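Bear in mind these aren't lab numbers, they're just calculated from the coordinates by the rules spelled out. Just so it is clear, the model here is predicted, and its values are computed rather than measured. Glycine also receives a Cβ, built like all others from the backbone with ideal geometry; neighbour counts cover every protein chain displayed.
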Amino acid sequence: MRRDISLSRRNFLFSAPALAGAAAVATAGLGLASTAQAADVTLVLGDQAGLLRGLVEASGVLKDVGFKYRWASFQGAAPLFEAQHANAVDVAWGGDLPILAASIGDPNFRIVTTLGGQPSSLGLLVHEDSKLRSVADLKGQTVIISSARGSVAQYQLYGALAEVGLKPTDVTVRFVLPTDAAAAFASRQIEVWGTFDPYFGVAQQRGARVLRDGSRINSGLFFVTAPQPSLTDPGKRAALAGYLAALQRAGTWARANPDAYTRLYAELTKVQPEAARIITNRSFVNIRRFTDEDVATLQKVSDAASGWGILPRRVDVQAIAEQKLVA
């Protein structure tokens, strides 16, 4: 049986936390012992703006798992990780810096999988007719960052400023949730907006100009996380292993079927096909285990972010790594 809460076009992509139920039980995808452990488990799958759900449902990979599940969708990483901290979701995902920020002060926080991604999926936007032509022109300007302190967009802004010899104090930074920022940018109440897909891609499709994207600044990597209570529960751990294996199959499917992925993503999220193509072409489809190389890459982000004062302290990435859940 499948339960879905009907979401409007705006709400699916840009909603406040909303649950969409999905109950699907099958025996493929898990071993017999794991299937028995996971059969009575319901995982709450945390998502941001329908991005991961779009990939999963387009590929159909959760038809082959042996556990029940439901989706919980949030506007951005900050509210999603608040839910994980409260054990309201069993699994979440986010970019490099939000992952690090969320781990501080949360002893139960663990990284379990790398989603991949591209740094061109985020950046600084201005209006097409803006007089701001380069990052150097931002001196003295107000920059709106989505969604909160510790966002990938904040890291990208600070890196872009450093490239041209500016300091974070040379601009005024304000944090606004993506849906509110999107509406304010569309009505020209915001001149400079630092954000990420899908908001970044939708704004590009509507004519926004990219002042600087995350290339050569951000790692571009996204990661899946889970709280320790879910990882230490045998049934949930088995179900999480099945979910992560399904994500890997979804990534393989998306790489092999890019046109179908774009079309189905557009249908599921209700974004314009042109925006959907922009978003899916740089989406996280290289899904893999959280490798030692990924640990080292994320450690570099932690060191830079703590040096800039974005993070209150350096995070030891190896200490929050769970590398045994995915083969």
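Quick rundown of the values:
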| item | result |
| --- | --- |
| Intensity falloff of the stretch 120-213 expressed as log10 I(q)/I(0), Debye formula with alpha-carbon point scatterers, at q = 0.20 Å⁻¹ | -0.87 |
| Mean Cβ neighbour count within 10 Å, used as a protection proxy, ranking 90-103, 40-53 highest first | 90-103, 40-53 |
| Radius 13 Å from Cβ of L45, net charge of other residues (Lys, Arg +1; Asp, Glu -1) | +1 |
| Cα-based reach from K236 at 30 Å (exclusive), listing lysines while leaving out same-chain residues under 8 positions away | K63, K68, K324 |
| Size descriptor, Kirkwood hydrodynamic radius, that averages inverse alpha-carbon separations across the chain, Å | 19.9 Å |
| Amide H within-cut-off set for F67, under 5 Å, with H built and near neighbours excluded | A26 |
| Under 5 Å, built H, 5+ apart or other chain: amide partners of L311 | S306 |
| Taking the stretch 56-110 and dividing mean pair separation by its residue count, relative contact order in percent (alpha carbons under 8 Å, at least six apart) | 25 percent |
| Computed [θ] at 222 nm, deg cm²/dmol, the chain (DSSP H ≥ 4; -39,500 (n - 2.57); rounded to nearest 500) | -12000 deg cm²/dmol |
| Rounded tilt (10° steps) of 234-256 against the dominant C-alpha axis of the chain | 60 degrees |
| Computed over the stretch 120-213: relative contact order in percent, which uses C-alpha pairs under 8 Å that are six or more apart | 51 percent |
| Additional length obtainable on full extension of the chain from D129 to A260, 0.36 nm per residue less Cα span | 43.7 nm |
| Among 316-327, 237-248, the order from most to least packed when residues are scored by Cβ within 10 Å on average | 237-248, 316-327 |
| Stretchable slack from Q318 to A39, in nm (0.36 nm times residue separation minus alpha-carbon distance) | 97.3 nm |
| Inter-probe distance in nm under a simple model that places probes 7 Å from Cα toward Cβ, at A162 and R288 | 2.5 nm |
